[in-house]
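The values are calculated or read from the model by the stated rules, or taken from the named source; none is laboratory data. Source: prediction; values computed, not measured. So basically every Cβ, Gly included, is an ideal-geometry build from the backbone, and we count neighbours across all protein chains shown. SASA here: full protein model, heavy atoms, side chains in, ligands and nucleic acids out. Shrake-Rupley method; radii C 1.70, N 1.55, O 1.52, S 1.80 Å.
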Amino acid sequence: MPSAVTEAAALTTRHDAEPVSKRPRTDAPVEKQRDAPPVPSIGRSKIFAPYRTIGLVSPTSVPFTTLPLGKKTFQITTSVGRALQTYDLRRGLNLVFVTRPQTPEPITATTAWKDSVLAAWSADSRDPHAARGIWVFKRGKKTAELPPPPPSDTPASGGGIEDSNSTLPEAVTELLAFGAWIVAASATRLDVWRAATLAHHATLRPPRTGADRLGRVLSPGCCCATNMPTFLNKVFVGRRDGAVEIWNVATARLVYTLRPAESPAWGGVAALVPSPALSLLAVGYDGGAVVVVDVRADRTLLRFDAGRGGASCISFRTDGLGAGPDGRAAGVMATAGASSGDVALWDLNGGGRKMGVLRGAHNPPSSSSSSSSPASPPSDSTTGPDGGISKIEFLPGQPVLVSSSRDNSLKTWIFDTVPFSPVPRALHARAGHAGPVSALLFPPPESDGAPDGGAKWILSAGGSRDRSLWAWSLRRDGQSAELSQGPVRRKARKMGGATGGGGAPGLDELKAPTITCLACSLNRDGGIGAMPGKQAIWGKGGGGKKGKGGRDAQSATEIANATGWESVVTGHEGDRFARTWFWGRKRAGRWALETGDGADVSSVSVTACGTFAVVGSAGGAIDVFNLQSGLHRQRYPPRLTPKQAQRLRAHLASKGENLLEGEAQKFERGMGRHSKAVNGLAVDPLNRTLMSGGADGKLKFWNFGSGVLEHEISLPTPIAALRYHASADLVAVSGDDGFVRVFDATTKKLVREFKGPSSTSSLSPNKPPTAPSQTSLKQPHPPSSAAPTDFIFSPTAHQLLAAYAQPVPHLRVWDVPSARLVDVLPFVRRCNALAFAATGEYLATAHEGERGIGIWTNTALFAHVPLRALKEAEVDASLRRAARAAEGERKNAGRKKNAGTPPTALPQAPTASGEGGMGAVAAALAEAKDGPAEATAAEGRQDAWEDAEAVADEVPTPQLNQLDDALTTLSLIPRPRWLGLVQLDALRARNRPAQPPKKPEKAPFFLPALEQPGQPAPAASASASASAPAPAPLRSSRISSLDAGALAAAAAARGAAPDALAPLLRGFAGSGDPGPLCGRLAGLAPAAADLAIRGLDPAAAAAAGPGGASELVLFVDALTERLRRRRDYELVRGCMAGRRTLRVALGEWREVQKGEAERLGRLVGFCGGVLGWIRGAV
C-alpha cells in the first residue's frame, strides 16, 4: 500500500466489550385500569378483516439479495415495503417465504448472511429520532435483532437529555456481512457489529470535506460499500466526492483513500463491486464512468463509459465463460442503471469492449413517474419511479443473471444460446403492476369449473403508469400472469423505445391505452384451447380477408363455435375501440370493437351467455357486437332509414311537443338516445332488457332484441356509474351528489336511496326503513364533493358497499333490506376500485398510489356478526379520530420504537406478509373457539377488555322471531348441517372403506410373538407364570368390548351425559314448549345429532307419572309441535328424514296391519252372515 497518503484523523469509537444493556424506561405507560373508559374501535370493521396483499414482487428501490443453498439452488429475497419475499430459483421463482413479523417501518437495506437475511428499516431518513433497527430473519421468521449503538455514540439533539430508548441515529442505506463483521452504512457513519455475538463493535465516521460540511458524506446508492477477498477486516466505502475509502473495521481506522483522476466530471460513487481477479475493484460513478482499479497499486486499469446513470449496478460473471468471440473466455462484466431498462455486457479482455446490450430487460422510468409525497404514509408498496434497474447480479459459478427493477419485477436470464450469443435469453420472471391499479373484477364461478371458482382468480387493470391487465391467483402465487398484448417488447427493441430515450415510442406507448372499464363472462370461454394457433390481435370483425393461418372468416367462426371465444372486454382511456381478451389463453383477443359514433369508449358489458358485448361511448351511443364473429348486431336506439325517420317526425308532430313528458310515455323506434356519455351498462341474464345510465341523468331500459326504449327514469344528477345484481334484479346508480340509488329492474321503481358522507337524504338512519318517494327523483340534491369512487353489491345483494374519498378515505356498508348504514371501514389512502368474490369470501380493494391489491375476509360468511344502525354523528366522529390517528402517526412516525399511537387506532389494512390478517379458516373457527370478543383479541387488534366493552356497547340484533303464525319460519342453522342429517346414510355409505382391514401376515421383527392358542408355554416362562397372578382373559377388540357402562363412563369423563336429550324431553312434557330441544339439536353436528336421537330409549318413560310417554314418543311429539307452530321447518325435516329406516318399517307395518285387519273384517262379516242365515233358517 503506498505511503503517500497518511491516515486521516477520524472520529471513531470502539467497543470491544459486550453491548451495554438498555437503561430501564422511566416514562413507561402506567398499566390501564379496568375502570378506565374504553378506547373506541377506530379503523376496525365488524364485517371485513384484513387478509393479505397480492401483486407485489419488487416495488421498492431496495436491491434484492441472493442466498445459495448448497449446489442445488439459490434463494432470492426482495423487499415489498415492510416485509421480505423469498423466491426459489430452482422452482421457477416460486414464492417460498414471506417474513413475519413485518418491520415497524419500510425496509431500506438487505443482505444475506450465512443462512439468514438481515433487513434494516427506518421511518424517516431526515429525522434523527425516528425509529430504526436491523432485524435478522431465517426462513421467513425473525430470529434476532441487532442492538443499537450505545448512547455515547448518539449525540443528543439540542444539548438535552438523550433518549433512553436509543435507536440507529441515521437510516441505513446498505448492509454488508463478511467474515466476523456486520457493517451498516448510513449518510455520515458506518456502524460495525460482531457477527458471532451481534454486539456493537465500533462506529466509523468518515471525515468531512469542504463540500460535505453539512450534508451527506457517503454515497446514497445501495451498492456503495463492499469488501474484497484477501483484504482482511477491510471495507471499501464510496463517497459523494468520488473518493473510495478503505477502513479497517477491527481497529476502527481509515487505512487508505482512492481518489479518481477526474472526480469533478464523474460525480459521486454509484457502485463498488470486487472483480473475480484479486485486488481489482470496479467503481461506477454517477456520470456514467466505470473504472477497474488495482487497489494495491492505486492504478486505473480499464475505463468505460456506460452513459449517465448507467453505472449504478455492476456485476462480474464468475463461471469462467462468456467472453471472446466464441464465449469460452472469462472476463464478462455487466452494467445497468436506474435511468434505463437496458443491461450492457462488457468484454474486459484486450482493453475492454461492449459486446452486447440486453435491451428492454425492464421498463424504463416513465415520464409520468413522480416521487411520493412526504406526507404520505409508508406502505408496503411505495410510490415513485416505476422503471429503471435497481440491481443486477451474476449468480456465483452460474451462467445466470438476476435483475430487479422498480417496475415491480424480478427476472432471471441465462447464457445458453446456441450458436453463441453475448446476450442472454429470459429464464424466469415474476412481476406485477408497475403503477397503481385502476379497476378490479372477480371472474364468474365458471372460470375453472369449480363451484368456488369465483374466489380463486381476480382481474386487475393498471392505471395511467401501467397499461397492463393481470390475472391473479389467490391460491397459488405462481399461477398469476399478465395477459399478453402481443410482441410489444420486441417492437420496442426494434424501434429503440425500450431504452426509454431517443424520441422513439416507449414500451407504454406500444401497449393498449389505460384500461378504464372491464367486463367478463366465461360461459363461452374455451380455456387454453380456445382458437388454437396464431391469431391476429385486435382487428375489426366481419371481414373476409385471409388470416395468418390461412382460414377465412367462416372457418374461423366454425372453429370458435367448437372451441370457444373471447370472454373479457375492456374499455380504454381516449380510445374509440373496446378490446377483447382470451381468459383461458391469457392473451389479447381478435377484435377491436369500434363505437358507433366514433367517440371514446366510456363503458362496456358482456351478456351472461358470453355471446354479446355491449359498448357505450362518450357521445351517448350504445352498440352490441357478437364476440364469436366480431360483427355489429344492434344499436340503441336502432338507426332509422330515411322513410322511418320521416314517419317518426310526422308522428311526433301529430302528438305534440309534450309527448316525451310523463311516466306513461310510449317510446317509438329510434327514440331515446343518450345525449351525453354512457357511464354504465348491464344486461339481464335472459338477454331481454338492457339497462344504461348516462351523464345526462337518464336511466334507460331497452328491449335487448329490438333496441326499442321501454322505460326511462330521470335523475336529478348525472349518473357516474351503474351496477346490476342479476339474482335480486336490482340496479344501483351513483351520482355526483354523493347518493347511491337502488331501483327494482322489474317494477322500474326506486326502492332504496343511500346518502354519502356530506349529503342529506330522504331516509333517516334512525327511522324505520321506508321506500323513498318517487317524487324525490325530481328534487335535485346539492352537489357533493364526496361522490363515491366505486360501489358494488354483495353476492347476495343484502349489502351495498361504497368507497368514498372525503372527508377521509373510507368504505361504507349498507344493509339493503333495512336501508341502514351498518359498518364503516376507514382507509389510509383513497380506494379507487372494489370487487366482491362471487362466493362472498373475499373483498378486494385497490388504493391510490398502491401497486398491490388488498384482500379482505368477509367474516360474516362464517360467523354471526351483530350489526346495528350507525348514526351519522358516530360515523363522523370515528372518521375524525381515524384521520387524527393517521396524521399523528405520519408526523411522529416512530419517535420511539414502542411508543406513539397504538396500532389499533390506525385504520387496518392488508399487508404483504398477511400479518394481523384473518383467512377464511381463521374466520370460520374464531367465533366457535373464542367468541367475538376473544377472537378479535386473539388476532392482536385490541386488548381483550377493550373488545369486551366494545362488543357490550353495541346493540345486538334481536333474536329472529316469527312474524306471523301463518308464516313458516326457517332456523338459522347453516345449510350443510341440516342437509347432513338428510343425507347422513349416503355420507356413511360413501365414507365406508372399500374392504375390511386385513390382519398382517407377519408381525415386525421387533415385536414379541404372542402365544398361539393350544400350544404349551416354554419351561422358563412356566415357572415365572406359576408365581404370577392369573392374567385377565384377552379381548379380541377394545372397541367391541365396550358395553353400555363403559360408554356412560367415557361420556361422563368427557363432561357429556349419554342421555343429553332426556332432560329436554321431560321439560317438553311439562311445559309443551319444544324450543329448548330444537335449540339443542341445532347446535349439534349431524353425526352427533343422529347419535343422540338413536340413543333415545323407546321403553324408558321420560314423562312423569305412571302413564308417561317414552322418550322416542315424546321426541316425535316435540317435532310435531314444532312443525305445528311453523318453526324450524328444515331442522324438523332433517331430523325426521334421518329416521328413514324407522319410517319405512312403520309404513310397511301399517300396510300389512291394514290388509290383515281388512281380511279379518271380511272373514268376520262372512261368518256373521252365515250365522245369521242359519239362525233364520232354523
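Among the residues of region 527-534, are any modelled with pLDDT under 75, more than 24 Å from PHE442 (Cα to Cα) and open to solvent by 10 Å² or more (accessible area, probe 1.4 Å)?
yes
Is it fair to say LYS22 is open to solvent by 70 Å² or more (accessible area, probe 1.4 Å), modelled with pLDDT under 90 and under 20 Å from THR143 (Cβ atoms)? I'd like the intermediate steps shown before the answer.
Values: open to solvent by 70 Å² or more (accessible area, probe 1.4 Å): yes; modelled with pLDDT under 90: yes; under 20 Å from THR143 (Cβ atoms): yes.
Criteria met by LYS22.
Checking the structure you have, find out if any residue of region 68-77 is open to solvent by 30 Å² or more (accessible area, probe 1.4 Å), farther than 25 Å from ALA431 by Cβ and at pLDDT 90 or above.
no
Could you run through region 791-804 and say how many residues are open to solvent by 20 Å² or more (accessible area, probe 1.4 Å) and at pLDDT below 95? Step through it out loud before you land on a result.
Within region 791-804, the first condition is being open to solvent by 20 Å² or more (accessible area, probe 1.4 Å), and the residues that meet it are 792, 795-796, 798-799.
Add one more test, that the residue is at pLDDT below 95, and what stays is 795-796, 798-799.
Residues meeting the conditions: 4.
Looking at (1) among the small types (Gly, Ala, Ser); (2) buried (at least 21 other Cβ atoms within 10 Å of the Cβ); (3) not in a loop (DSSP other than H, G, I, E, B), can you tell me which one ALA873 breaks?
Answer for ALA873: the failing condition is (2).
Where residues in region 263-321 are open to solvent by 40 Å² or more (accessible area, probe 1.4 Å) and of a type in the set (Gly, Ala, Ser), which of them is nearest to TRP346 (Cα to Cα)?
My answer is ALA277.
Would you mind finding the one in ASP305, ASP286, ASP342, ASP294 that is under 40 Å from the mean Cα position of the chain (by Cα) and without any contact (Cβ under 8 Å) to a residue 60 or more places away in the chain? Before the answer, list the steps.
Numbers: ASP305 fails: under 40 Å from the mean Cα position of the chain (by Cα); ASP342 fails: without any contact (Cβ under 8 Å) to a residue 60 or more places away in the chain; ASP294 fails: under 40 Å from the mean Cα position of the chain (by Cα).
Only one candidate passes the filter, namely ASP286.
With VAL292, VAL343, VAL332, VAL357 as the choices, which residue is in contact with a strand residue (DSSP E or B) (Cβ under 7 Å, 6 or more places away or on another chain), assigned by the TED database to the domain that holds PRO229 and modelled with pLDDT of 90 or more? Before the answer, list the steps.
Values: VAL343 fails: assigned by the TED database to the domain that holds PRO229; VAL332 fails: assigned by the TED database to the domain that holds PRO229; VAL357 fails: assigned by the TED database to the domain that holds PRO229.
VAL292 is the lone residue from the list that is in contact with a strand residue (DSSP E or B) (Cβ under 7 Å, 6 or more places away or on another chain), assigned by the TED database to the domain that holds PRO229 and modelled with pLDDT of 90 or more.
Quick one: count up the residues across region 787-802 that are β-branched (Val, Ile, Thr), touching a strand residue (DSSP E or B) at 6+ places or on another chain (Cβ under 8 Å) and part of a loop (DSSP other than H, G, I, E, B). Spell out how you get there, then give the answer.
Taking region 787-802 first, the residues β-branched (Val, Ile, Thr) are 789, 792, 796.
Right, trim to touching a strand residue (DSSP E or B) at 6+ places or on another chain (Cβ under 8 Å) and you get 789, 792.
Then drop every residue that is not part of a loop (DSSP other than H, G, I, E, B), which leaves 789.
Number satisfying all stated conditions: 1.
Would region 360-378 turn up any residue that is surrounded by 15 or more Cβ atoms within 10 Å (Cβ to Cβ) and modelled with pLDDT of 85 or more? Steps first, please.
Restricting attention to region 360-378, the residues satisfying the condition of being surrounded by 15 or more Cβ atoms within 10 Å (Cβ to Cβ) are 360-366, 369, 376-378.
Those left that are additionally modelled with pLDDT of 85 or more: 361-362.
Within region 360-378, one or more residues are surrounded by 15 or more Cβ atoms within 10 Å (Cβ to Cβ) and modelled with pLDDT of 85 or more.
How many residues, within region 876-906, are at pLDDT below 55, of a type in the set (Ser, Thr, Tyr) and either exposed (fewer than 15 other Cβ atoms within 10 Å of the Cβ) or part of a helix (DSSP H, G or I) (or both)?
Qualifying residue count, region 876-906: 1.
Name the residue that is nearest to ALA177 (Cα to Cα), counting only residues in region 107-145 that are part of a loop (DSSP other than H, G, I, E, B) and open to solvent by less than 20 Å² (accessible area, probe 1.4 Å). Can you show your working first?
Just the residues of region 107-145 that are part of a loop (DSSP other than H, G, I, E, B), to begin with: 114-115, 123-131, 139-140.
The next check asks that each one be open to solvent by less than 20 Å² (accessible area, probe 1.4 Å); those that pass are 130-131, 140.
Values: ALA130: 24, ALA131: 22, GLY140: 19 Å.
Only one residue tops the list, namely GLY140.
Out of region 416-435, which residues are assigned to a loop (DSSP other than H, G, I, E, B) and open to solvent by less than 30 Å² (accessible area, probe 1.4 Å)? So that I can check it myself, show each step before the final result.
Keep residues of region 416-435 that are assigned to a loop (DSSP other than H, G, I, E, B), which gives 416-424, 432-435.
Residues satisfying the conditions are PRO424, GLY432, HIS433, ALA434, GLY435.
Considering each residue of region 167-186, count those that are surrounded by 23 or more Cβ atoms within 10 Å (Cβ to Cβ) and within 14 Å of ALA250 (Cα to Cα), and give that number.
Qualifying residue count, region 167-186: 2.
Determine whether ALA745 is among the aliphatic types (A, V, I, L, M), in contact with an Asp or Glu (Cβ under 8 Å, 6 or more places away or on another chain), under 27 Å from SER818 (Cα atoms) and surrounded by fewer than 23 Cβ atoms within 10 Å (Cβ to Cβ).
Working: among the aliphatic types (A, V, I, L, M): yes; in contact with an Asp or Glu (Cβ under 8 Å, 6 or more places away or on another chain): yes; under 27 Å from SER818 (Cα atoms): yes; surrounded by fewer than 23 Cβ atoms within 10 Å (Cβ to Cβ): yes.
Taking the combined requirement at face value, the residue satisfies it.
Hey, can you tell me all the residues within region 1061-1083 that are open to solvent by 30 Å² or more (accessible area, probe 1.4 Å) and not in a helix (DSSP H, G or I)?
Going through region 1061-1083, the residues open to solvent by 30 Å² or more (accessible area, probe 1.4 Å) turn out to be 1063-1064, 1066-1067, 1069-1071, 1073, 1076, 1079-1080, 1083.
Selection gives ASP1073, GLY1083.
Select from region 664-685 the residues that are more than 10 Å from PRO637 (Cα to Cα) and either open to solvent by 50 Å² or more (accessible area, probe 1.4 Å) or of a type outside the set (A, V, I, L, M, F, W, C) (or both) and list them in ascending order. Spell out how you get there, then give the answer.
Taking region 664-685 as the starting set, the residues that turn out to be more than 10 Å from PRO637 (Cα to Cα) are 664-667, 675-685.
Residues satisfying the conditions are ALA664, GLN665, LYS666, SER675, LYS676, ASN679, GLY680, ASP684, PRO685.
May I ask you to list pairs of residues, at least six apart or on different chains, whose Cβ atoms are under 9 Å apart, with the first in region 236-255 being touching a residue at least 24 places away in the same chain (Cβ under 8 Å) and the second being aromatic (Phe, Trp, Tyr) and assigned to a loop (DSSP other than H, G, I, E, B)?
ILE246/PHE231
Please state which one of GLY738, GLY705 is open to solvent by less than 40 Å² (accessible area, probe 1.4 Å) and either part of a loop (DSSP other than H, G, I, E, B) or not aliphatic (A, V, I, L, M) (or both). Walk me through how you get there before you give the answer.
On the way: GLY705 fails: open to solvent by less than 40 Å² (accessible area, probe 1.4 Å).
Testing whether each residue is open to solvent by less than 40 Å² (accessible area, probe 1.4 Å) and either part of a loop (DSSP other than H, G, I, E, B) or not aliphatic (A, V, I, L, M) (or both) leaves just GLY738.
So for region 483-490 (the condition being loosely packed, with under 15 Cβ neighbours inside 10 Å and either assigned to a loop (DSSP other than H, G, I, E, B) or at pLDDT below 90 (or both)), does at least one residue qualify? Outline the logic, then answer.
Applying the first criterion (loosely packed, with under 15 Cβ neighbours inside 10 Å) to region 483-490 yields 487, 490.
Cutting the leftovers down to either assigned to a loop (DSSP other than H, G, I, E, B) or at pLDDT below 90 (or both) gives us 487, 490.
Yes, some residue in region 483-490 is loosely packed, with under 15 Cβ neighbours inside 10 Å and either assigned to a loop (DSSP other than H, G, I, E, B) or at pLDDT below 90 (or both).
Which fully enclosed strands (runs of 3 or more DSSP E) of region 575-639 have 3 or more residues being in contact with a strand residue (DSSP E or B) (Cβ under 6 Å, 6 or more places away or on another chain) and over 24 Å from ARG723 (Cα atoms)?
Details: elements: 577-582, 587-594, 601-606, 612-617, 622-626, 632-636.
Ranges flagged: 587-594.
Give region 819-865 a look and list any residue that's among the charged types (D, E, K, R) and either open to solvent by 10 Å² or more (accessible area, probe 1.4 Å) or in the same structural domain as VAL80 (by the TED database) (or both), or say none.
Scanning region 819-865 gives ARG820, ARG829, ARG830, GLU841, GLU848, GLU850.
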